[in-house]
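The values are calculated or read from the model by the stated rules, or taken from the named source; none is laboratory data. For clarity, every value in this text was computed on a predicted model and none was experimentally measured. Please note: Cβ atoms are built from the backbone with ideal geometry, for glycine as well, and neighbour counts cover all protein chains shown. Side chains are part of the model used for accessible areas, which takes the heavy atoms of the whole protein and leaves out ligands, DNA and RNA. Shrake-Rupley method; radii C 1.70, N 1.55, O 1.52, S 1.80 Å.
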Amino acid sequence: MSPDRGAARFTPSRYPGYLLAILVLAGCALLLAEPARARGLFLFSTPEAAPPEPAAVIPPGAVIGEIRVVTHNIFNPDKPGENRWVFRAANHLHRTTRPGVIESQLLFRPGDPYSPDKIEESERILRRNAYLYSAEIHPVLREDGKVDIEVVTRDVWTLEGSAGFSRAGGENTTSFNVTDSNFLGTGKDLTVSRIGTVDRTSDLLRYQDPNVLGSRTRLLVSVADNSDGGRERLEIERPFYSLDARWATGLRVFHDDRIDRIFKAGKATDGFRHEQDFVEAYGGLSPGLRNGVANRFRVGFTFSREVFRRELVLFPKAFVPENRTLSYPWIGFDSVQDRFVVERDLNQIQRPEDLNLGRQIHARLGFSSPALGADREHWIGEAGFSQGWRPGPGQLLLASAGGSTRWAEEGAENLLVSASVRYYLRTFGKHLLVASLSGDAAQDLDDEDQLLLGGDSGLRGYPLRFQTGDRRALFTVEQRFFSDREIFHLATVGAAVFFDAGQAWFLESESQQERQLLKDIGVGLRLGSIRSSRGAVVHLDVAFPLDGDDSIDRVQWLVSTRESF
């Protein structure tokens with residue numbers, strides 16, 4: 001690249017995104033500055049952390065006595081700044097979670113032997129609920145030697161009618177929804193939404209019940225009317241809900257009708273209609289948690305029929321894949337090592353996060369045969385592995401790998417192998433440097449599947465689905481900044497400076513363009529919702545591509561709502 005061209009590329013007057021980047025950085029510095037400087041401008045408040053109380057010393061063999069569940073509303077009138085009419089009105093309109101909903105999820109009952117492990121795991125189970133801001137369990141030793149358990153939770157606002165907008169890779173996504181993830185305080189989720197993406201517009205009605213009739217059974221029913229088809233889904237499952245759970249069973253059924261598009265250089269070049277009918281049932285047994293490891297064995301049966309047809313209106317000359325039917329019994333094995341830790345300000349802002357640093361293994365193998373209704377014989381397998389480590393103070397290292405394939409007489413089909421590693425390092429006090437590397441390799445993928453890379457898959461400075469191939473690699477380094485303050489007691493603030501580098505390519509291709517490594521830099525603000533069950537973190541990013549041709553916008557604007565930083 002010539003010097004003149006490079007200079008023109010980074011001229012702020014030509015690309016106003018650079019001015020926005022400066023403003024974002026200035027805003028980040030202000031937001032993360034001394035509270036006294038910012039409070040007058042933004043009505044910031046700093047949560048007051050209460051000193052931890054000393055844990056009760058519970059003697060061995062103690063038995064659980066009474067269980068008291070205390071469910072707090074969204075705002076705390078005793079906290080400075082939250083005793084205002086608007087917050088009191090929100091508390092009045094909100095139906096607090098019913099104590100019975102909380103108690104049904106606990107792993108202990110009155111009369112059970114006291115177990116610190118079950119206390120910790122019950123806290124983790126409660127923290128999975130999107131309708132809870134916090135969940136704490138405190139043992140209280142009585143004079144008679146029994147242990148009373150106090151469970152304290154605080155709700156978030158769950159009844160929402162909202163409109164959403166996101167932009168990545170030069171494309172927009174919109175959504176409109178009315179949802180209540182804690183309907184009348186019962187823990188049930190009811191959603192009505194309209195979502196518009198680059199692929200389709202979808203009208204969705206969904207109901208989820210994580211504890212049917214107070215049991216461990218989960219239910220999901222959803223119906224979607226899409227601009228290019230539709231989807232119906234039913235799932236009912238009694239999972240391995242805890243490390244010591246001894247059995248599980250489940251049924252999953254769905255019908256999907258859609259148009260699949262094939263992309264090249266970010267543009268849809270081909271497409272076809274894809275209908276799928278899927279049914280899967282399974283049962284599982286486990287000896288429970290033994291020596292810190294839970295081993296689980298599953299058997300099941302899966303039926304999948306996929307039919308492809310030419311889409312005459314949009315892609316009249318497109319290639320259409322062959323129809324495919326799989327019907328097979330399978331066996332599976334899972335192993336989970338119990339090494340959970342609780343972190344804060346990692347992938348969320350001011351929220352506790354449960355991470356398992358233990359070894360986790362998953363494997364499954366089945367055989368599909370025409371005798372069971374399949375179109376041909378296949379061995380079908382998948383496997384996965386993950387583990388975490390603490391290399392030193394203030395550091396975390398998480399690694400995972402997995403793969404899946406079908407195997408016929410001709411060899412492997414639809415083979416996909418993936419691996420990733422992520423490193424966290426505390427910097428500048430409580431702030432965080434995150435570096436991640438991921439890679440994928442594919443062989444003889446089904447025609448409707450692609451390995452894509454672009455603005456919607458981690459390469460933030462480029463159009464979505466910009467590169468395709470049978471190999472893919474992505475490296476990201478991001479400096480994250482966290483703030484302790486709350487904006488109007490409704491949101492938390494963070495910031496990020498990032499660099500991405502990635503490539504998707506075909507192993508046998510000689511095209512220089514298809515083998516080009518792409519890089520970008522950028523800055524962003526993060527707004528974490530602390531009083532709402534939806535929209536965990538809002539991302540406002542500006543990214544600048546460092547490679548590519550003149551067809552790529554020199555500034556990429558990204559607005560999205562995600563579940564993590």
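Table for the structure above
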quantity: Flag for Leu433 being closer than 27 Å to Asp470 by Cα, open to solvent by 30 Å² or more (accessible area, probe 1.4 Å), modelled with pLDDT of 95 or more and part of a strand (DSSP E or B); calculated: no
quantity: Filtered residues of region 275-302 (kept if over 26 Å from the mean Cα position of the chain (by Cα) and closer than 16 Å to Glu232 by Cα); calculated: Glu275
quantity: Matching residues in region 189-209 - criterion: being open to solvent by 40 Å² or more (accessible area, probe 1.4 Å) and modelled with pLDDT of 90 or more; calculated: Leu190, Leu205, Arg206, Tyr207, Gln208
quantity: Residues (open to solvent by 20 Å² or more (accessible area, probe 1.4 Å) and assigned to a strand (DSSP E or B)) located in region 131-147; calculated: Tyr133, Ser134, Glu136, His138, Pro139, Val140, Leu141
quantity: Inter-residue pairs, beta-carbon under 6 Å, first over 30 Å from Gly283 (Cα atoms) and in region 307-332, second open to solvent by 100 Å² or more (accessible area, probe 1.4 Å) and modelled with pLDDT of 80 or more, 6+ apart; calculated: Val320/Arg310
quantity: Filter result for the condition that a residue is among the basic types (Lys, Arg), assigned to a strand (DSSP E or B) and modelled with pLDDT of 95 or more, over Arg309, Arg273, Arg298; calculated: Arg298
quantity: Pair list, Cβ under 9 Å, 6 or more apart: region 444-460 residue within 19 Å of Glu410 (Cβ to Cβ), other residue in a loop (DSSP other than H, G, I, E, B) and among the acidic types (Asp, Glu); calculated: Asp444/Glu410; Asp444/Asp470; Leu445/Asp470; Asp447/Glu322
quantity: Complete set of residues in region 438-475 that are touching an Asp or Glu at 6+ places or on another chain (Cβ under 6 Å) and either farther than 30 Å from Arg531 by Cβ or surrounded by fewer than 17 Cβ atoms within 10 Å (Cβ to Cβ) (or both); calculated: Ala442, Asp444, Glu448, Leu451, Leu459, Gly461, Leu464, Arg472
quantity: Residue satisfying all of: in region 280-302; surrounded by fewer than 19 Cβ atoms within 10 Å (Cβ to Cβ) and among the charged types (D, E, K, R); farthest from Val253 (Cα to Cα) among these; calculated: Arg290
quantity: Single residue of Arg124, Arg128 found to be within 26 Å of the chain's Cα centre (by Cα), open to solvent by 60 Å² or more (accessible area, probe 1.4 Å) and either closer than 21 Å to Leu289 by Cα or among the polar types (S, T, N, Q) (or both); calculated: Arg128
quantity: Tally, over region 277-295, of residues that are within 25 Å of Gly358 (Cβ to Cβ) and either among the aliphatic types (A, V, I, L, M) or not in a strand (DSSP E or B) (or both); calculated: 9
quantity: Which listed residue, of Gln395, Gln350, is polar (S, T, N, Q) and in contact (Cβ under 8 Å) with a residue 60 or more places away in the chain; calculated: Gln350
quantity: Selected residue (only one of Asp270, Asp277 is within 30 Å of Phe506 (Cα to Cα), free of Cβ contacts under 8 Å to residues at least 60 places away in the same chain and either among the charged types (D, E, K, R) or open to solvent by 20 Å² or more (accessible area, probe 1.4 Å) (or both)); calculated: Asp270
quantity: Residue among Leu415, Leu459, Leu464 that is within 30 Å of Glu322 (Cα to Cα), part of a loop (DSSP other than H, G, I, E, B) and of a type in the set (A, V, I, L, M); calculated: Leu464
quantity: Any pair with Cβ under 6 angstrom, 6 or more apart, that starts in region 398-412 at a residue that is within 23 Å of Asp375 (Cβ to Cβ) and ends at one that is outside any loop (DSSP other than H, G, I, E, B) and hydrophobic (A, V, I, L, M, F, W, C); calculated: Ser404/Leu416; Thr405/Ala412; Thr405/Leu415; Arg406/Ile380; Trp407/Trp379
quantity: Index of the failed condition, Leu416 passing every other in (1) closer than 27 Å to Gln348 by Cβ; (2) without any contact (Cβ under 8 Å) to a residue 60 or more places away in the chain; calculated: (1)
quantity: Matching entry among Gly358, Gly403, Gly394, Gly366 (being open to solvent by less than 50 Å² (accessible area, probe 1.4 Å), modelled with pLDDT under 95 and in contact with a strand residue (DSSP E or B) (Cβ under 9 Å, 6 or more places away or on another chain)); calculated: Gly394
quantity: Check on Arg109, open to solvent by 50 Å² or more (accessible area, probe 1.4 Å), closer than 27 Å to Ser529 by Cα, assigned to a loop (DSSP other than H, G, I, E, B) and not polar (S, T, N, Q); calculated: no
quantity: Cβ pairs under 8 Å, 6+ apart, first in region 114-125 and aliphatic (A, V, I, L, M), second open to solvent by 20 Å² or more (accessible area, probe 1.4 Å); calculated: Ile119/Pro139; Ile125/Leu107; Ile125/Tyr241
quantity: Candidate set from region 239-267 (those that are charged (D, E, K, R) and crowded, with 18+ Cβ neighbours inside 10 Å); member that is farthest from Ser115 (Cα to Cα); calculated: Arg261
quantity: Residue selected from region 303-350 under the condition open to solvent by 40 Å² or more (accessible area, probe 1.4 Å), of a type in the set (A, V, I, L, M, F, W, C) and more than 24 Å from the chain's Cα centre (by Cα), by the criterion nearest to Leu396 (Cα to Cα); calculated: Ile331
quantity: Identity of the residue in region 155-181, open to solvent by less than 40 Å² (accessible area, probe 1.4 Å) and at pLDDT 80 or above, that ends up farthest from Leu464 (Cα to Cα); calculated: Asp155
quantity: Index of the failed condition, Glu413 passing every other in (1) open to solvent by less than 50 Å² (accessible area, probe 1.4 Å); (2) more than 30 Å from Asp484 (Cβ to Cβ); (3) under 20 Å from the mean Cα position of the chain (by Cα); calculated: (3)
quantity: Single residue of region 217-238 satisfying the filter (at pLDDT below 95 and in a loop (DSSP other than H, G, I, E, B)) that is most open to solvent (accessible area, probe 1.4 Å); calculated: Ser227
